[in-house]
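J.: Quick one: this structure, given as structure tokens, is what I'll be asking you about.
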Amino acid sequence: MSGSTVDQTRQMKGAQAGGSLCGSPQQEQQHRERADATALASRTGARPGSNRLHDERQGEPFDFDVTIVGAGPVGMALAGWLARRSATRTLSVALIDAREPEDAASDPRSIAVSQGSRMILEPLRWPADATAIYRIHVSQRGHFGRTLIDHTEHGLPALGYVLRYGSIVHSLAQVVHATPVHWFKSTTAQTPVQENDGVTLRIDSAGVTRTLRSRLLVSAEGGLFHEQQAGSGGSRDYRQTALVGTVSVSAPRPHVAWERFTSQGPIALLPTGGVRGADYALVWCCAPEEAARRAQLPDDAFLQELGIAFGDRMGRFTQIKGRAAFPLGLNTVDALVNGRVVAIGNAAQTLHPVAGQGLNLGLRDAHALADALSQHGPSPLALAAFARSRALDRRLTIGATDTLARLFTVDFPALGSLRGLALTALEFVPPVKTALARQMMFGQRR
Ligand SMILES: Cc1cc2nc3c(=O)[nH]c(=O)nc-3n(C[C@H](O)[C@H](O)[C@H](O)COP(=O)(O)OP(=O)(O)OC[C@H]3O[C@@H](n4cnc5c(N)ncnc54)[C@H](O)[C@@H]3O)c2cc1C
């Protein structure tokens, strides 16, 4: 294989699979190991735990039709759709993750999930703790111009919803647990090896290594920019770090999300509820040195700096909880499909969080892959149809996100005025504003 997909798969592995396991009780682990081994043995007649090389297995029966590496929200959504749809529910599906789903509870990210994503997730399960976004206020610091996007303009119940990363994972994990999907938890996947008719994958769990043979392998290994190596399709370090946390304000505007562009990067405030709707998830993108300094500031000083950067549209910032930092960049693979391996979600593209597109795009990847497998079965034909169907949406979403992440950081007075004009003009050219908002919410389906 010459390719990017498998390269990307390999890159993610070193980064993600090793370090961050919280580990489950040993007994439970051993029990799961035995159950996994027995299930595999009965499926293949193979001796579980054996360490056979991939070429010894060529031509042997398949263990699974589809193996998904990565039980993040994108991999789990795919597993859920495959198990629930009538056209794919007879496929045997494996889901592999280096972590336990409970580990996601400590992830500090809050995610804006679009109305479009809600519509495709709802048939699986929709988390109860989502906070609706009715209006989005976009502005730039130090220059005139702003634009408002309201759900009523689009005839939608909401523009999007704010959820904790852990809540999305928890909700999808419940879906997957109720299906026959074979879930290998606390199990690390190695580099897949392509064969003529399938893919062989070595997996390691609690010191036991074994190989799986599948017709197709889906890389949903995700990851964060600073954990990944450069993507074959393009890579850009934005020299920005996102400081995240939960803040409270003195004059809340419930269900309003704010995106304020500054010369160091955007500040997003996403409503998360709380008493009087006063809690907001903060994503404050700034230069890495500034982020490192701000991460260490006492709360009062931090809130004061935030007030200066954001302004007083919601009164004063009164509280900050759970600060964490994420270095930001762009990584994309040049081809989603390589032989019988396909990449979706962050394994295919890792984006800047401006405009909240990463997970939404990844869910559309997973949904389109489920469509292609429904139509063509677990075959290279399905992967080719999938790749074709995703080209335009990926290009537009990656391009728009990359432009937004950089455009507002060019601190040139004339450009600031032009950007202000553009933001204001959006208010007066509804079709353009509508087209932009709909791309952000629904992407492009082919
Ligand atoms: C600060 C911040 C804010 C964001 N805000 C938004 C937002 O508002 N809206 C939005 O749409 N997106 C947002 N995103 C992006 C979003 O978080 C990602 O796009 C999304 O999490 C990608 O999901 P995924 O399932 O592809 O990957 P991940 O969530 O990274 O999950 C990958 C899984 O694969 C497993 N794994 C990896 N390698 C292996 C291996 N070798 N073997 C076994 N398991 C493996 C990992 O353990 C993990 O569970 C934000 C990102 C950041 C950093």
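The values are calculated or read from the model by the stated rules, or taken from the named source; none is laboratory data. Note that the structure is predicted; figures quoted are calculated from it, not measured. Ideal geometry is used to build each Cβ from the backbone, glycine not excepted, and the neighbour counts take in all protein chains shown.
J.: Taking ALA301 as the residue in question, decide whether it is in contact (Cβ under 8 Å) with a residue 60 or more places away in the chain and either part of a helix (DSSP H, G or I) or away from the ligand (no atom under 16 Å from the Cβ) (or both).
T.: Spelling it out, it is not the case that ALA301 is in contact (Cβ under 8 Å) with a residue 60 or more places away in the chain and either part of a helix (DSSP H, G or I) or away from the ligand (no atom under 16 Å from the Cβ) (or both).
For every residue, the table says whether it meets (1) over 27 Å from LEU172 (Cα atoms); (2) more than 16 Å from the ligand (Cβ to nearest atom); (3) in contact with a helix residue (DSSP H, G or I) (Cβ under 7 Å, 6 or more places away or on another chain).
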position	(1), (2), (3)
ALA309	yes, yes, no
GLY315	yes, yes, no
GLY322	no, no, no
LEU328	no, no, yes
GLY345	no, no, yes
ALA355	no, no, yes
LEU361	no, no, yes
ASP371	no, yes, no
PRO378	no, yes, no
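J.: State the number of residues belonging to segment 206-265 that are over 28 Å from LEU330 (Cα atoms), touching a Pro at 6+ places or on another chain (Cβ under 9 Å) and part of a loop (DSSP other than H, G, I, E, B). Walk me through it before giving the result.
T.: We begin by selecting, within segment 206-265, every residue over 28 Å from LEU330 (Cα atoms); these are 206-215, 248-255.
Within this subset, residues satisfying the condition of being touching a Pro at 6+ places or on another chain (Cβ under 9 Å) are 208, 210, 213-215, 252-255.
After this cut, where a residue has to be part of a loop (DSSP other than H, G, I, E, B) as well, the list is 252-255.
Total satisfying the criteria: 4.
J.: Scanning segment 79-111 for residues that are in a loop (DSSP other than H, G, I, E, B) and of a type in the set (Val, Ile, Thr), which turns out nearest to the ligand (Cβ to nearest atom)? Walk me through how you get there before you give the answer.
T.: Taking segment 79-111 as the starting set, the residues that turn out to be in a loop (DSSP other than H, G, I, E, B) are 85-92, 97-100, 107-109.
Still in the list and also of a type in the set (Val, Ile, Thr): 88, 90.
Details: THR88: 19, THR90: 25 Å.
The residue in question is THR88.
J.: Of everything in segment 319-361, what is surrounded by fewer than 21 Cβ atoms within 10 Å (Cβ to Cβ) and among the aliphatic types (A, V, I, L, M)? Give them in sequence order.
T.: Passing the criteria: ILE320, ALA324, ALA325, ALA335.
J.: Let me ask another. Residues that are buried (at least 20 other Cβ atoms within 10 Å of the Cβ): which strands (runs of 3 or more DSSP E) entirely in segment 136-199 hold 3 or more of them? Can you show your working first?
T.: Details: elements: 146-150, 160-164, 182-184.
In segment 136-199, 160-164, 182-184 are the strands (runs of 3 or more DSSP E) which contain 3 or more residues that are buried (at least 20 other Cβ atoms within 10 Å of the Cβ).
J.: Select from segment 176-228 the residues that are within 12 Å of ALA71 (Cα to Cα) and β-branched (Val, Ile, Thr) and write down the one among them that is farthest from the ligand (Cβ to nearest atom).
T.: VAL181
J.: Here's something else I'd like to know. Looking at (1) surrounded by fewer than 18 Cβ atoms within 10 Å (Cβ to Cβ); (2) at pLDDT 85 or above, which is the one condition that is false for GLY420?
T.: Going through (1) surrounded by fewer than 18 Cβ atoms within 10 Å (Cβ to Cβ); (2) at pLDDT 85 or above one by one, GLY420 breaks only (2).
J.: Hey, any hits in segment 247-260 for a residue that's surrounded by fewer than 24 Cβ atoms within 10 Å (Cβ to Cβ), among the aliphatic types (A, V, I, L, M) and more than 19 Å from GLU290 (Cβ to Cβ)?
T.: yes
J.: Could you please find all residues in segment 226-243 being among the hydrophobic types (A, V, I, L, M, F, W, C) and surrounded by fewer than 22 Cβ atoms within 10 Å (Cβ to Cβ)?
T.: Of everything in segment 226-243, just one residue is among the hydrophobic types (A, V, I, L, M, F, W, C) and surrounded by fewer than 22 Cβ atoms within 10 Å (Cβ to Cβ), namely ALA230.
J.: Also: Among the candidates PRO266, PRO288, which residue alone is within 18 Å of ALA324 (Cβ to Cβ) and at pLDDT below 95?
T.: PRO266
J.: Also, quick follow-up: Could you give me the residue pairs with C-beta distances under 8 Å whose first residue belongs to segment 229-246 and is more than 13 Å from ALA291 (Cα to Cα), whose second residue is at pLDDT below 95 and of a type in the set (Lys, Arg) wherever it lies, and which are 6+ apart or on separate chains?
T.: TYR238/ARG406
J.: Determine the pairs where a residue that is part of a strand (DSSP E or B), located within segment 332-355, has a partner that is of a type in the set (Ser, Thr, Tyr) and buried (at least 24 other Cβ atoms within 10 Å of the Cβ) with Cβ atoms under 6 Å apart, the partner being 6 or more residues away or on another chain.
T.: The qualifying pairs are ASN338/THR5; VAL341/THR5; ALA343/THR5; ALA343/SER219.
J.: Here's another thing I want to ask about it. Could you list, in sequence order, the residues of segment 132-156 that are within 19 Å of GLU122 (Cα to Cα) and out of contact with any Phe, Trp or Tyr (no Cβ under 9 Å at 6 or more places or on another chain)?
T.: TYR134, GLY155, LEU156
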